[in-house]
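Below is one structure, written out as structure tokens; comments come after it.
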Amino acid sequence: MPPSFSDIVEEARLSARALLDYGDSFFNPTVRLGVTGLSRAGKTVFITALIHGLTRGGRFPVFEPYATGRIARARLEPQPDDAVPRFDYENHVRTLIEERRWPNSTVDISELRLVIDYQRQNGADRTLTIDIVDYPGEWLLDLPLLSKSYEQWSVESLALSCEGPRAKLAAPWHEHLKTLHPEGRENEQAALAAAKLFTDYLRACRDERFAMSLLPPGRFLMPGNLAGSPALTFAPLEVASDGSAPDGSLWAMMRRRYEAYKDVVVRPFFRDHFARLDRQIVLVDALAAFNAGPEALHDLEAALSGILDCFRIGRSTILSSLFRPRIDRILFAATKADHLHRQSHDRLEAVLRRAVAKAADRAEYAGAAIDVVALAAVRATREAMVARGRDKLPSILGTPAPGESANGEAFDGETEVATFPGDLPADPEELFNGGFRGLSSTPSETADFRFLRFRPPLLERAANEEPALPHIRLDRALQFLIGDRLQ
Ligand SMILES: Nc1nc2c(ncn2[C@@H]2O[C@H](COP(=O)(O)OP(=O)(O)OP(=O)(O)O)[C@@H](O)[C@H]2O)c(=O)[nH]1
Ligand SMILES: [Mg+2]
């Protein structure tokens, strides 16, 4: 298919932007680091801990330029992109450290500029600017829509909604769908009702723990200032994937709005944010998926291959890649590893590595370097061997948030409790084929850690010294993401 006029305009905009960025980074070496993950994956906590550690003397033995003392100083500078909200670092740090609460959920993109003064390995003094961009993974999963027609998207979304546990959640929407005639006259009320039921279904999938991913259009669940606009008022119809819509029909109306969604939401995100990233970390709450069972794990795997697909789309944009190579390193990180005992951290990494490898095969991905890590950006627990009868079990200690847990235990928010989190299987395959029955199944008298939300740690304040936030493997993530740019 020859490129359409709007494709050409889009390419011109992309390359103009790339040229601007190129000019900037020529005089002022810059890395744009994307931080993404589905809702609640741990993006805000990760960025806050990373900046706090670099600017306030964190402990990062595996982050080579830092550990060897070549980093003289790291500081925040004004956020450079006028149209993007600033990442609210100061507030998040206050919440985490002073109030010992986790920061509130964030729904929009945000950005922050960190500047590092360092000494090269050859002794020369240099400065590296890191622009950190926090954006919802749901937006990323929208990118494949760019190469899909309304009809293809309808067929795929409908097929997916009939699979496994999703079918039940989609039932009310399916009922309504039966009453619609795609080729009948366009009808605003029908479109409104369909969009509402379809959105309810997407929301139910997200809220049910077993179906946590793969839900474009992402903005249906986080509409922001577009709530109620036509670009968000459409839904799949039962149409043939190669069919064409009669003029004036409901089908044509839905299709027009689907295209509007791509124009108003997806393309600007691609152009203004995604296409400008150099490095990417994808945070994954893998523990939640393990606990929800193999269904959720396969869902997660499919989401990972969807994500890898997005990076492939990113790289195949011809003109913009003339000026600099785009994302050349991608790190997949399983977050909240502090819910497991040290013995299981390598196993957690192994499972994620397995899921990413499968996804990479499926996405036929070649290009950027990919790595995998299990981390806790902020470690909320300590480890201890706790006697249980005649055994000593490797346990974790932490302070559960005040309130009542799902199984009825009351917590005051001050007292530490010990739990035995259970081990992950040594063979990752067990998780994929359903042989694994969830963590923390033994011993029965312990609180089920899945429902425990530990408070952020209490920091010991030595005289005149900034307290450092404890973490697990955050330094390894840093080494992979930016270590090579600080040589
Ligand atoms: N124990 C522990 N819990 C964490 C850690 N990181 C995140 N969490 C938990 O996960 C929740 C979500 O973390 P956020 O950083 O807000 O996640 P997010 O991806 O920014 O979420 P949204 O803004 O809702 O998209 C927090 O409220 C914590 O309960 C961690 O390193 N350790
Ligand atoms: Mg957030």
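The values are calculated or read from the model by the stated rules, or taken from the named source; none is laboratory data. As the structure is a computational prediction, the values presented were derived from the model and not from experiment. We place every Cβ from the backbone using ideal geometry, glycine too, and count neighbours over all the protein chains shown. Please note that ligands, DNA and RNA were not included when accessible areas were found on the heavy atoms of the full protein model with its side chains. Shrake-Rupley method; radii C 1.70, N 1.55, O 1.52, S 1.80 Å.
Some notes on this structure:
- Residues located in segment 106-121, provided they are open to solvent by 30 Å² or more (accessible area, probe 1.4 Å) and over 18 Å from A41 (Cβ atoms): R113, D117, Q119, R120, Q121
- Selected residue (criterion: most open to solvent (accessible area, probe 1.4 Å)) from residues of segment 31-55 that are in contact with a strand residue (DSSP E or B) (Cβ under 8 Å, 6 or more places away or on another chain) and on the phi > 0 side of the Ramachandran plot: G42
- Scope segment 56-65; condition open to solvent by less than 20 Å² (accessible area, probe 1.4 Å) and under 20 Å from L112 (Cα atoms); matching residues: G58
To keep it simple, each residue is scored yes or no on (1) touching a Leu at 6+ places or on another chain (Cβ under 6 Å); (2) open to solvent by 80 Å² or more (accessible area, probe 1.4 Å); (3) more than 16 Å from ligand 2 (Cβ to nearest atom); (4) at positive phi.
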{"site": "R94", "(1), (2), (3), (4)": "no, yes, no, no"}
{"site": "N104", "(1), (2), (3), (4)": "no, yes, no, no"}
{"site": "T129", "(1), (2), (3), (4)": "no, no, yes, no"}
{"site": "W139", "(1), (2), (3), (4)": "no, no, no, no"}
{"site": "L143", "(1), (2), (3), (4)": "no, no, yes, no"}
{"site": "W153", "(1), (2), (3), (4)": "no, no, yes, no"}
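- Within segment 19-71, the residues that satisfy the criterion of being of a type outside the set (F, W, Y), within 16 Å of ligand 1 (Cβ to nearest atom) and closer than 20 Å to F274 by Cα are L33, G34, V35, T36, G37, L38, S39, A41, G42, K43, T44, I47.
- Residues located in segment 264-297, provided they are in a helix (DSSP H, G or I) and within 21 Å of L145 (Cα to Cα): V264, V265, V266, R267, P268, F269, F270, R271, D272, F274, A275, R276
- Filter pass, D88 being away from ligand 2 (no atom under 16 Å from the Cβ), within 30 Å of F269 (Cα to Cα) and either open to solvent by 20 Å² or more (accessible area, probe 1.4 Å) or in contact with a Ser or Thr (Cβ under 6 Å, 6 or more places away or on another chain) (or both): no
- Members of segment 366-381 found to be open to solvent by 50 Å² or more (accessible area, probe 1.4 Å) and within 12 Å of ligand 1 (Cβ to nearest atom), listed by number: R379
- Within segment 116-132, one or more residues are more than 16 Å from R206 (Cα to Cα), within 16 Å of ligand 1 (Cβ to nearest atom) and either in the same structural domain as L300 (by TED's automatic domain parsing) or not small (G, A, S) (or both).
- Sole exception among (1) within 16 Å of ligand 1 (Cβ to nearest atom); (2) part of a strand (DSSP E or B); (3) out of contact with any Ser or Thr (no Cβ under 9 Å at 6 or more places or on another chain) for E349, by number: (2)
- Of the residues making up segment 85-103, those that are farther than 26 Å from R126 by Cβ and without any contact (Cβ under 8 Å) to a residue 60 or more places away in the chain are P85, D88, E90, N91, H92, V93, R94, T95, E98, E99, P103.
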